[in-house]
Ligand code: ATP
Ligand code: MG
């Protein structure tokens, strides 16, 4: 089986690693250069989308900001999963919000802004404080503004107007500020036969808008809520593949923040902590194979390696600690890899995170240090 992934980053790389034992071969299409590359070595193995489509048995995507003409060609081939609609929904906050409403899934109050009048209306309807997000192209907290005081409105409007004018299809989605206690996410898979398998929820810590620490948690009540919303979204998209939902937890009630129609950073812990990892389950789903068990096999946390290309070797001496590098060139803040760390008995994972804090630089891994400080005090 040959699967083509749109996008040639770390997610395609990890799909390739997970697919090999099942004889699923991955090639990656770099949307920018139009090259077909090997997802591990990045060696160019071909060129052009039609060539790539022709060679593939199945086509999927590792990101949602994909030009419409590419999605259309892939969809026309009849090989594309989840679907052009699902990818567009994840890539455009207007469509995403409309879908959540249609599926009856709780989400933050919002208003779409295309003009200054719309902005004034949003301030009335959504209220202050407010979070403003570009409808297209945002990721890792980029393309966002916070309006905390009406006096900032003119200044923020100037920046937003520039963003809107930069593209004909751009707009801003204004959202009420949600006073959440924590953020959690649910990653799960839906098969071609409609079967659904979700992983345990992960609790997520962000540092400067970027995911830094993600820990699988057990909370049956929240899990039920999340699972119901997952099914509602997946069914309304007739989704096939791995899908992620990000939530705000407000005193035990979940609101969906956003969805990602793909394998997700907050699901990387499944490589060590679940019976079947998210990458394998995504491939199983899009290839029409039975889904694998999503059972937690041991408590696991994932730490993102941001902007660093070396780590102390002593990390590998910690039992249950695994490093996953993405083979990328170092850039400030860039996702370079992740660490998965596991514990076998109650309290062991927490103790290992504290041990990691003694080895990891506090500027590069503030979330781990903060965890250790809170745990030890
Ligand atoms: P990513 O790609 O990392 O998921 P993103 O750029 O798509 O991020 P969001 O997930 O929408 O953006 O927002 C980034 C972070 O900003 C959230 O994880 C949350 O911490 C905060 N945030 C977003 N929306 C709100 C809101 N309405 N109220 C309060 N905080 C918010
Ligand atoms: Mg997000």
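The values are calculated or read from the model by the stated rules, or taken from the named source; none is laboratory data. Predicted model, so just to flag it, every value in this text is computed and none were measured. Every residue, glycine among them, receives a Cβ derived from its backbone with ideal geometry; neighbour counts consider all protein chains shown.
A few points about this structure:
- In the set 172, 164, only one residue is surrounded by 15 or more Cβ atoms within 10 Å (Cβ to Cβ), away from ligand 1 (no atom under 16 Å from the Cβ) and under 25 Å from residue 260 (Cα atoms); that residue is 164.
- Residue in segment 199-211 that is in a strand (DSSP E or B), surrounded by fewer than 23 Cβ atoms within 10 Å (Cβ to Cβ), at pLDDT 95 or above and in contact with a helix residue (DSSP H, G or I) (Cβ under 7 Å, 6 or more places away or on another chain) present: yes
- Restricting attention to segment 212-227, the residues that are within 18 Å of residue 340 (Cβ to Cβ) and outside any strand (DSSP E or B) total 2.
- Spans of strands (runs of 3 or more DSSP E) in segment 39-130 with at least 2 residues over 26 Å from residue 240 (Cα atoms): 44-47, 110-113
- For segment 257-282, the set of residues classified as assigned to a strand (DSSP E or B) and buried (at least 24 other Cβ atoms within 10 Å of the Cβ) consists of 259, 274, listed by residue number.
- Residue 127 under 25 Å from the mean Cα position of the chain (by Cα) and either more than 11 Å from ligand 1 (Cβ to nearest atom) or modelled with pLDDT under 95 (or both): no
- Residue that is farthest from the chain's Cα centre (by Cα) [pool: residues in segment 175-191 that are more than 10 Å from ligand 1 (Cβ to nearest atom) and under 16 Å from residue 231 (Cβ atoms)]: 191
- Count - residues of segment 34-86 that are farther than 19 Å from residue 288 by Cβ and touching a residue at least 60 places away in the same chain (Cβ under 8 Å): 9
- Reported count of residues in segment 201-232, each being within 22 Å of residue 82 (Cβ to Cβ), more than 15 Å from ligand 2 (Cβ to nearest atom) and in contact (Cβ under 8 Å) with a residue 60 or more places away in the chain, is 2.
For (1) without any contact (Cβ under 8 Å) to a residue 24 or more places away in the chain; (2) within 16 Å of ligand 2 (Cβ to nearest atom); (3) touching a helix residue (DSSP H, G or I) at 6+ places or on another chain (Cβ under 7 Å); (4) not in a loop (DSSP other than H, G, I, E, B), each residue gets a yes or a no:
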| site | (1), (2), (3), (4) |
| --- | --- |
| 140 | no, yes, no, no |
| 151 | yes, no, no, yes |
| 161 | no, no, no, yes |
| 164 | no, no, no, yes |
| 189 | no, no, yes, yes |
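- Residues satisfying the stated conditions in segment 306-332, i.e. at negative phi, out of contact with any helix residue (DSSP H, G or I) (no Cβ under 6 Å at 6 or more places or on another chain) and in contact (Cβ under 8 Å) with a residue 60 or more places away in the chain: 306, 324, 328
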